[in-house]
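Laboratory data are not the source of any read-out in this text; all were calculated from the coordinates shown. Predicted, not measured: the structure shown is a model, and the values here were computed from it. Here Cβ is always computed from backbone atoms with ideal geometry, including for glycine, and neighbour counts include all displayed protein chains.
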Amino acid sequence: MRIRDLFYETFSAIQANRGRSLLTILGIVIGIAAVISMTALIDGVKASLVGELGLSQSRTVMIDCWPGREVTMDDIAALEAGMSDDYEFITAASYNSGAISNGVAQENSTLLGVEPEYFEAMGTKAIAGRVIMQSEEDAGSRVIMLDQAIAERMWGSADEAVGQSVHVGNDDYTVVGVVGSSGMMNGYSFVPLSTMQKRMSGNTGVSQIHSRTDGVLS
């Protein structure tokens with residue numbers, strides 16, 4: 001049978017059963033449209049959820065260190081040496097608490113000694129000034145990043161706090177930056193980890209381990 005004859009017979013069949021043919025075509029169109037619409041809707045919802053939850057970006061792995069013995073920087077170095085290529089870096093943090101004073105007002109704060117990678121891992125940014133630098137970590141510098149609420153109560157604004165001097169423990173610290181207050185990190189101030197270990201806590205142990213993986217949900 002020639003193609004022309006095939007088309008002729010098909011057209012004749014459609015003409016003879018117009019109602020049925022119309023319903024069949026309509027059903028096919030509706031079915032295809034429904035599949036396309038549902039696929040687009042599912043992809044849109046997935047993209048929205050992934051974007052809002054940050055699942056399309058690098059993700060942070062956080063471990064609290066409460067073993068039977070102290071976790072030291074040597075342990076961190078050993079973990080880093082054994083990390084797979086899925087992880088970009090590993091960094092440590094140590095907690096303490098103390099009073100921060102500017103000579104006029106005094107605020108109690110949770111002090112967190114961190115390495116510079118901590119801010120990248122946690123997505124923490126300075127709303128004024130800057131974050132702690134590697135050179136300050138290496139030197140055990142007396143610098144501090146204040147919580148926004150503390151900075152505002154002491155000086156009226158985050159910008160005014162940058163460059164000021166505060167007293168913590170037995171030492172004076174220069175405010176290099178201010179971090180935004182949030183539900184989980186409200187009241188936290190940051191110093192270099194080496195400064196925390198040498199001048200505040202007096203030990204080489206760490207309280208948390210943070211690592212970042214570049215795995216992406218597909």
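Listing for the model above:
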quantity	calculated
Separation of alpha-carbon centers, the range 145-162 and the range 91-106, rounded to whole Å	13
Sites T204 and T39, calculated FRET efficiency, Cβ-Cβ separation with R0 41 Å, nearest 0.05	0.15
Mean Cβ neighbour count within 10 Å, used as a protection proxy, ranking 126-136, 89-99, 110-120 highest first	110-120, 89-99, 126-136
Residues V179, V29 arranged by fewest to most Cβ contacts within 10 Å	V29, V179
Inter-label distance, nm, simple model (7 Å from Cα along the C-beta direction), S97/A149	1.4
Nearest-0.05 FRET efficiency for S165 and D86, computed from C-beta distance (R0 25 Å)	0.05
Summed side-chain charge close to M154 - residues other than M154 whose Cβ falls under 12 Å, Lys, Arg +1, Asp, Glu -1	-3
